[in-house]
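The values are calculated or read from the model by the stated rules, or taken from the named source; none is laboratory data. The structure presented is a predicted model; accordingly, all values stated were derived computationally and were not measured. Here Cβ is always computed from backbone atoms with ideal geometry, including for glycine, and neighbour counts include all displayed protein chains. For the accessible areas, the whole protein counts, side chains as well, though only heavy atoms, and no ligand, DNA or RNA atoms are used. Shrake-Rupley method; radii C 1.70, N 1.55, O 1.52, S 1.80 Å.
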Amino acid sequence: FNITEGRQYKWSNVSVIGQTVFNEAQILDELNLQPGAPYNPEELNRKLEGLLDEYLSMGYAEITIDSNVMDEDVYNPSIELVINEGVQSSIDAILISGYSKTRRDVIESTLPELKGKPFYFKNLMNAERTLARTNLFKSVDVTGIKREIGLPERTVLVNLKEQPFVFLEGGPGYNTDRGFNGYLSLYTTN
């Protein structure tokens, strides 16, 4: 084996600008960034995504994290993280539309509790999946109202499109015991 390691790339300077929720030491500890630590772009991107998800789970829906790596071609690059948190938002109201046959109390009892929770896309996706699993709806769309971007209290819009509630099936058939036969099936899902 002939291994040529070359020079090791290490951070020379690390700085964080714009954060208010976490202090610089907490962010650098979360990202495992400090001067002298190894420079690994893939690991940095993975940890930045984790930090971004942590902010999102707290309701910072408009969070942006920009990483500016300077002197990337030298052995000791430096990094500056610019964090724009935006406004922390929570869910204040839920509007449900698109139902006519399904009772509202059935929808509300199936819908996970969202009111008062952080406005977080995973909470909205969970609500969407839960309603879709009932098989009462052709489509379920759970989103926020775009006009409310940047407000601390957000409204969630639940748009439903119901399945037909009565199904009628029928058809011919042949059975060796009975010969020709047919069937007719009428059922409801709702």
Taking a straight Cα-to-Cα line shorter than 20 Å from Lys101, and setting aside same-chain aspartates and glutamates fewer than 8 residues away, one finds Glu128, Asp141, Glu162
A 1.4 Å probe over the protein heavy atoms gives the chain a carbon and sulfur accessible-area percentage of 50 percent
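Using the Cα centre of the chain as the reference point, and only Cβ charges (+1 on K/R, -1 on D/E), how large is the resulting charge dipole? Debye, rounded to the nearest 20. The partial results should precede the final answer.
On the way: 18 positive and 27 negative charges, 253 e Å.
So the magnitude is around 1220 debye.
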Checking Asp177, Asp141, Asp73 against a Gaussian network model of the chain (alpha-carbon springs below 10 Å), the top fluctuating residue turns out to be Asp177
Rounded to one decimal in nm, the spacing of the 7 Å Cα→Cβ label points at Asp71 and Asn32 is 2.4 nm
The answer for the chain, accessible area per residue at 1.4 Å probe in Å², is 64 Å²
Any chymotrypsin sites (Phe, Trp or Tyr not before Pro) in region 39-135 that lie in a DSSP loop and have at most 14 other Cβ atoms within 10 Å would be Tyr75
Descending accessible area (1.4 Å probe), largest on the left, turns Arg46, Arg178 into Arg178, Arg46
Residues whose modelled amide H sits under 5 Å from the amide H of Ile94, counting only those 5 or more places away in sequence or on another chain, are Val156
Measuring from the longest principal axis of the C-alpha atoms of the chain, the long axis of helix 121-132 (C-alpha) lies at a number of degrees, nearest 10, equal to 10 degrees
Under the 7 Å Cα-to-Cβ spin-label approximation, Lys47 and Tyr174 lie apart by a distance in nanometres of 7.2 nm
Here the tail fraction of P(r) beyond 17 Å, over all Cα-Cα pairs of region 1-49, rounds in percent to 44 percent
Amide H contacts under 5 Å for Phe137, restricted to residues at least 5 apart in sequence or on another chain and with H modeled in the peptide plane, are Gln163
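Do me a favour and compute the ellipsoid semi-axes for region 84-190 from its Cα gyration tensor, root of five times each eigenvalue, largest one first, whole Å.
Three semi-axes, in Å: 44, 12, 10.
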Ranked by GNM mean-square fluctuation in the chain (Cα springs under 10 Å), the top entry among Pro38, Pro77, Pro172 is Pro172
For region 26-146 the translational diffusion coefficient, Stokes-Einstein from a Kirkwood Rh over Cα pairs at 4 °C and viscosity 1.567 mPa s, in µm²/s, is roughly 75 µm²/s
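If you take every residue apart from Gly18 with its C-beta less than 12 Å away from the C-beta of Gly18, what net charge results, scoring Lys and Arg +1 and Asp and Glu -1? Numbers along the way, then the final one.
Values: positive: none; negative: Glu24, Asp66, Glu80, Glu85.
Residues near Gly18 contribute -4 overall.
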For Pro152, the net charge from surrounding residues (Cβ-Cβ under 12 Å; K, R +1; D, E -1) works out to -3
